[in-house]
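Colleague: Sharing a structure with you now.
Bear in mind that the values in this text are calculations on the coordinates, not laboratory data. Because the structure is a prediction, the values reported are computed rather than measured. No Cβ is skipped: glycine too gets one built from the backbone with ideal geometry, and neighbour counts run over all protein chains shown.
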Amino acid sequence: MLESLVDATGLTKRFGSFTAVSGIDFHVQPGEAFGMLGPNGAGKSSTMRMIGCVSPVTEGHLRILGMDPAVDGPAIRARIGSVPQEDTLDTEMSVWDNMVTYGRYFGISHALIRERADELLRFFQLIDRRDDKVDPLSGGMKRRLTVARALINQPEMVLLDEPTTGLDPQARHLLWERLYQLKRSGVTLVLTTHYMDEAEQLCDRLVIMDRGRIVAEGSPRELIDRHATREVVELRFASTEEQERSVPLLEPGSPRVESLTDRVLVYTSDGEAALGLLAEHALQPTSVLVRRSSLEDVFLLLTGRQLEE
Amino acid sequence: MIAMGGARLLVERNVRAYRRQWFVFASGFAEPLLYLLSIGIGVGELVGRIPGPGGELVTYREFVAPGMLAAAAMNGAILDTTFNFFVKLKYQGVYDAMLATPLRPFDIAAGEVSWSLLRGAAYSAAFLVAMLLFGLVHSWWAVLVVPAAVLIGFAFAGAGLGATTYMRSWTDFDLVSAALVPMFLFSGTFFPLSRYPGWFEWVVKATPLYQGVALERALVFGALDWTTPLHAAYLIALGLVGVRIASRRLATLLTA
Ligand SMILES: Nc1ncnc2c1ncn2[C@@H]1O[C@H](COP(=O)(O)OP(=O)(O)O)[C@@H](O)[C@H]1O
Ligand SMILES: [Mg+2]
């Protein structure tokens, strides 16, 4: 049996009296893309920083690549790649010098770094900018450079803390595609996100975190099947009064009805049937959307809150 | 020296970063020379002879040159370990990036100190050459001027790093100036301590720059005595304490 790359049991992080990560258990297997999904403040970065051996564990058991971060931090870091939430590129240097300098921190020879840096900059479509300074690069390029740099030591596992937050759709898709290729080449990915589509695109398995705890775990499909219904109907009404009148009418036919400020979500196995109930009472929503349920719905169902405020 | 391996990589990083700003680096050579020319030679014409470290009368420029050299070693070390260090620490994330690699907080502290004392050594070596050309060196002990400048660099680099890890904002840097400018002016750099009242003399003697100036002046004039090794020991101790504080504080600040 393959050993897990990350082994966390009762993992806890406290800042003073505040508990950011509250006794979580999870394991990351070699070759998988493991995600942590959750709103801001859920404790994702705190967890990632403990895995990356840049933040000491307050309590609980944590083993990375079979080693204890408190004892073997440098040895673990030598074998993983780290993309922190905020870019930490060396802004005083060119793209190329960033790659070289970072590679040297691992003690890799200049010759080997040149070879790898050239390959990585090509892979991440940055080779044309190799002699440019880092500051004027676009957000997407900086992010790609941060990822490229994190691969200079050919890590077995890469930690990506919100890899695409703040990027425009094209930049996100390019990065997703590269990360997917990376995963196919056998690199284990551990990533955090608060984007549902990112989690669905990239993760084989994920945990949903909220307020320092894991509230659900599984593949994206499993989570939806387990916690949501097949379909979701989104309804908007002309007035609050109409919305309030329709909720009790919808409830009998569906396992769950969420009344939000601007719309009603009906979790149901049959969207058309639910709409029929309203038509019987001559209630006419101003807009109707019947869709497959997503991780966003899972999150809302589990926590009663929306993911992106 | 496995322990210094990480420090060397940081020095390498700084060399790479400064390659694009060689003129900033080069200006460090010019500054003490300008002081020597304007104050040492210009003001020196007006001053006449004053007592040197051995008690004998020396020209003002002979007196002031070792002081300038010590002050240059101090300034070189302070710039890199306070202002520049703060920018890297708080804004550029340079050390956050390093700590994601096998490097440790101690490597950062040791690396920055090594870098700034190398820089200080380069400046003081160039200054020593200038002193030789002006005929301001009188003893073979002067071969130790550069190593002594390295000790001054070490003391101030350690102290600078240690202090900077406690700074919260730019306004705290006014404190650095508030400490350095009087030290520069009163530590026996420009005139002998005998000018001061007794109690103030002791205050001055407690400052690291005085220790550095006294050490350099003793070497340049070949006027060594039992206090010479004490000056060196003081500088080494200050540097070691500073590095230790800095590496601990870096661990606290960067790995919360
Ligand atoms: N260094 C720190 N000191 C104090 N509180 C912190 C620190 N880092 C994070 N926190 C707090 O811990 C909680 C979780 O933060 P974080 O792990 O960054 O969440 P996420 O990455 O999911 O947004 C937040 O409430 C945050 O304010
Ligand atoms: Mg975060």
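Colleague: Enter the mean number of other protein chain beta carbons within 10 Å of the beta carbon of each residue in B:96-109, as an integer. Walk me through the intermediate numbers first.
Modeller: Values: counts 6, 13, 5, 10, 16, 15, 12, 5, 3, 0, 0, 2, 0, 0.
For this peptide, the per-residue mean of nearby foreign Cβ atoms is 6.
Colleague: Between residue B:224 and residue B:134, what is the spin-label point distance in nm, taking each point 7 Å from the Cα along the Cα→C-beta axis?
Modeller: 2.5 nm
Colleague: Residue A:27 to residue A:165: FRET efficiency via 1/(1 + (r/R0)^6), r the Cβ-Cβ distance, R0 25 Å, to the nearest 0.05?
Modeller: Working: r = 26 Å, r/R0 = 1.02.
For R0 = 25 Å, the calculated efficiency reads 0.45.
Colleague: If you average the sequence gap of Cα pairs under 8 Å that are 6 or more apart and divide by the length of chain B, what percent do you get for the contact order?
Modeller: Details: 349 pairs, mean separation 68.4, N = 256.
Rounded, it is 27 percent for chain B.
Colleague: What ranking of A:26, B:154 emerges when the number of other C-beta atoms within 10 Å of each C-beta is taken as an exposure proxy, fewest first?
Modeller: Values: A:26 20, B:154 24.
The fewest-first ordering by Cβ neighbours comes to A:26, B:154.
Colleague: Using the alpha-carbon atoms, what tilt in degrees (0 to 90, nearest 10) does helix A:169-184 show relative to the longest principal axis of chain A?
Modeller: Between helix and principal axis, roughly 60 degrees.
Colleague: A further question on this structure: At 15 Å minimum axial length over the Cα atoms and a Kyte-Doolittle cut of -1.0, report the qualifying DSSP H helices in chain B, or say none.
Modeller: Details: long enough: B:5-18 (20 Å, -0.21); B:22-35 (21 Å, 1.09); B:60-81 (32 Å, 0.65); B:105-133 (43 Å, 1.16); B:145-164 (28 Å, 1.86); B:173-186 (20 Å, 1.99); B:208-221 (20 Å, 0.81); B:227-254 (40 Å, 1.06).
Going by DSSP H runs, the hits are B:5-18, B:22-35, B:60-81, B:105-133, B:145-164, B:173-186, B:208-221, B:227-254.
Colleague: Of A:183/B:88; A:13/A:183; A:13/A:133; A:133/B:90; A:133/A:183; A:142/A:183, which pairs sit farther than 25 Å apart, going by alpha carbon to alpha carbon?
Modeller: Working: A:183/B:88 33 Å; A:13/A:183 29 Å; A:13/A:133 37 Å; A:133/B:90 20 Å; A:133/A:183 29 Å; A:142/A:183 21 Å.
Too far apart for the 25 Å limit: A:183/B:88; A:13/A:183; A:13/A:133; A:133/A:183.
Colleague: Within the range B:38-66, find all residues whose amide N lies under 18 Å from a label point positioned 7 Å from the Cα of residue B:194 along Cα-to-beta-carbon.
Modeller: B:47-65
Colleague: So, one more: How do the peptides A:70-76, A:5-11 rank, highest first, by the average count of neighbouring beta carbon atoms within 10 Å per residue? Kindly include the intermediate steps, with their values, before the conclusion.
Modeller: Values: A:70-76: 15.0, A:5-11: 19.6.
The densest-packed peptide leads the list: A:5-11, A:70-76.
Colleague: Of the peptides B:105-111, B:65-71, how do they stack up when ordered by the mean number of other Cβ atoms within 10 Å, highest first? Walk me through the numbers before you get to the answer.
Modeller: Details: B:105-111: 24.0, B:65-71: 29.1.
Per-residue Cβ counts within 10 Å, averaged per peptide and sorted highest first, yield B:65-71, B:105-111.
Colleague: Considering the zone a paramagnetic label at residue A:240 would reach in this model (a point 7 Å from Cα along the Cα-to-Cβ line), which residues of the range A:247-285 have amide N under 12 Å from it?
Modeller: From the range A:247-285, the list is A:261-262.
Colleague: Ok, one more. For the pair residue B:87/residue A:40, report the inter-label distance in nm, with labels modelled 7 Å from Cα in the Cβ direction.
Modeller: Taking the simple label geometry, residue B:87 and residue A:40 are separated by 2.9 nm.
Colleague: What distance in nm lies between label points placed 7 Å from Cα along the C-beta direction at residue A:225 and residue A:114?
Modeller: Inter-label distance under the simple model: 5.3 nm.
Colleague: While we're here: Counting only C-alpha contacts under 8 Å and six or more residues apart, can you give the relative contact order of the range A:229-292 as a whole percent?
Modeller: Details: 107 pairs, mean separation 32.0, N = 64.
The normalised contact order for the range A:229-292 reaches 50 percent.
Colleague: Would you mind giving the mean number of other chain beta-carbons within 10 Å of the Cβ of each residue in A:80-91, as a whole number? Don't skip to the answer; put the middle values down first.
Modeller: Working: counts 2, 2, 5, 1, 4, 0, 2, 3, 9, 4, 9, 7.
That average works out to 4.
Colleague: Counting only other chains, and only Cβ atoms inside 10 Å, what mean value do you get across the residues of B:244-255? Walk me through the intermediate numbers first.
Modeller: Working: counts 0, 0, 0, 0, 0, 0, 0, 1, 0, 0, 2, 7.
Shielding by partners across B:244-255 averages 1.
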